[in-house]
1. In the stretch 255-265, what count of residues is obtained for those that are surrounded by 16 or more Cβ atoms within 10 Å (Cβ to Cβ) and out of contact with any helix residue (DSSP H, G or I) (no Cβ under 9 Å at 6 or more places or on another chain)?
2. Against the definition (at pLDDT 95 or above and outside the structural domain of residue 185 (by TED's automatic domain parsing)), how does residue 62 come out, yes or no?
3. Can you find even one residue in the stretch 235-245 that is touching a residue at least 60 places away in the same chain (Cβ under 8 Å), closer than 24 Å to residue 179 by Cβ, crowded, with 22+ Cβ neighbours inside 10 Å and in contact with a strand residue (DSSP E or B) (Cβ under 9 Å, 6 or more places away or on another chain)?
4. Picking from 328, 306, 383, which residue would you name as being under 28 Å from residue 46 (Cα atoms) and touching a helix residue (DSSP H, G or I) at 6+ places or on another chain (Cβ under 7 Å)?
5. Going by the structure shown, is residue 310 touching a strand residue (DSSP E or B) at 6+ places or on another chain (Cβ under 9 Å) and either touching a residue at least 60 places away in the same chain (Cβ under 8 Å) or closer than 16 Å to residue 349 by Cβ (or both)?
6. I'd like to verify a number: residues in the stretch 412-427 that are touching a helix residue (DSSP H, G or I) at 6+ places or on another chain (Cβ under 7 Å) and not in a loop (DSSP other than H, G, I, E, B), how many?
7. Please pick out the residue among 135, 153, 123 that is over 19 Å from residue 217 (Cα atoms), in contact with a helix residue (DSSP H, G or I) (Cβ under 6 Å, 6 or more places away or on another chain) and either surrounded by 23 or more Cβ atoms within 10 Å (Cβ to Cβ) or modelled with pLDDT under 95 (or both).
8. Just to be sure I understand, how many residues within the stretch 2-39 are over 27 Å from residue 394 (Cβ atoms), buried (at least 17 other Cβ atoms within 10 Å of the Cβ) and either modelled with pLDDT under 95 or touching a helix residue (DSSP H, G or I) at 6+ places or on another chain (Cβ under 8 Å) (or both)?
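The values are calculated or read from the model by the stated rules, or taken from the named source; none is laboratory data. The model shown is predicted, which means the values in this text are computed figures rather than measured ones. FYI the Cβ positions are ideal-geometry reconstructions off the backbone, even for glycines, and counts take in every protein chain you see.
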């Protein structure tokens, strides 16, 4: 019997499949059939010829309010976190709702072109008008048909560095921010940093919001706010709703303390986000040699069974002048910088920009907690990538050929083709002979 689907993908390889090609049928926003061959018709019947069918990419950590502002009003010459904060402090004085929305939408479209379907963005709430937050809340609604966006209220200058910042943070939650953030290592004193963490947890409980804290984003081995975050999460039994972003000081802790801390982290079950591109760029700036990598202990956290995801953090802003929204660049860098070059480790880095990211955002479907995101009954949010396996996808930074969100076709690309005009090694002599050596290569 012939069935009708909205979309059928023909002869692709499932990320967690058995290696044999399958047809996958989508109807009413849900994966409704997977079989070696489907007798079916579809509005979009796509022959994907052995390409990989994958869950979508998840951007766990980005700052859309500052995206695409590199060089405004000046470039970060030192390359440090603190000069970036100073430059952004100057730039954000001239923010307008329209300018933030325009840049954020441009950045989201760039990310979507690389297969990103879920984004957690931080919005600076350290300026009285809350312009960045209001703009990103508007963008969240504008893109809901093609992107899921979470907005974290982030006091870039600290909660207690200015008398108005605590009230602004709470106002951001009243306006609809999805989560509450902080930056305890940037508070004026350690005591203020600890106090800020406790305030964040209190606000999250009061307004029933997620927590995502910029935590110990510094090389200082005495910056130890991660233990405070983990302890608060453990006491309230909400580790799955709590995220510690960056935690770069973890890479500078001596092993005796790190082992003790790891035990607490296992008990707390909080989430972690590393941002390899920016962590490598900003950290270690005060070192001569040897220079620290400045990335949290990604491999060790993963080995302990903790949820780790990866993000860009910055796309062309005062902290990082590069970046194009492609999370395969992020995963590729993590493999190198975190010494995760074993086959299982490489695949783990792929999970860190897909499945693990959904878990960090609290959006991993309950039915997929212990199973696949690509099986019958799961939401039809997926990608087709121009490679047969996740290993090949990362190795080649494979192009996204198809992106499907909510069961709707978002984008398609034609396959890339390479046409050599060089003679084969066996061929020498006249141009006629050289032309014959091109044999089976014809123009597109």
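1. Selection size over the stretch 255-265: 0.
2. For residue 62, the condition - at pLDDT 95 or above and outside the structural domain of residue 185 (by TED's automatic domain parsing) - is not met.
3. Yes, the conditions are met somewhere in the stretch 235-245.
4. Unique residue meeting the criteria: 328.
5. yes
6. Adding up the residues that qualify gives 0.
7. When all the criteria are applied, what remains is 135.
8. 0
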